[in-house]
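Presented below is the structure to which this report refers.
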Amino acid sequence: MHLVDTVEVEPERVTEYLGVVGSLGMAVMTDAGASFVSCGTTSSEIGERVHVQVVWGFDDHVQWNEIRKNMVLDPRYHEYGAAVASLRVGGTRRFFTLTPLPAAL
């Protein structure tokens, strides 16, 4: 299962946002039990806000509930949340399950 955070960031704040996710966010999420899967961005050179997508992995909703409990009990989580909230201008958080495609016809 994957948690996909996709946030909008002004181009001039992308480096700072990635720095917070790569340091404090990585520590909080992995210490809580999530696995880092990937991070990607749209281009900052096209005159639009940049979308930053960070993907975290875990087994199922049961494990996610444990991860969430661990995060809330970690004082760094609240620091992380405040830091990224001050840098983003919008975004979504979605849970995805791996779904096999049917065999080719």
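A short reminder: the numbers here are calculations on the coordinates, not readings from a lab. Not measured: the values here are computed from a predicted model. Reconstructed Cβ throughout: ideal geometry from the backbone, glycine too, with neighbour counts over all protein chains shown.
The C-alpha radius of gyration of the range 58-105, expressed as a fraction of 2.2 N^0.38 Å, stands at 1.69. Rounded to the nearest 20 debye, the dipole magnitude of the chain is 200 debye, with +1 charges on Lys and Arg beta carbons, -1 on Asp and Glu beta carbons, and the Cα centre as origin.
Here's the picture: charge each Lys and Arg Cβ at +1 and each Asp and Glu Cβ at -1 in the chain, and of Tyr80, Met1, Gly25 the one pushed furthest to the positive end of that dipole is Met1. Counting pairwise Cα distances across the chain, what percent come out greater than 19 angstrom? Tail fraction, whole percent: 47. By the count of neighbouring beta-carbon atoms within 10 Å, fewest first, Thr99, Thr6 end up ordered Thr99, Thr6.
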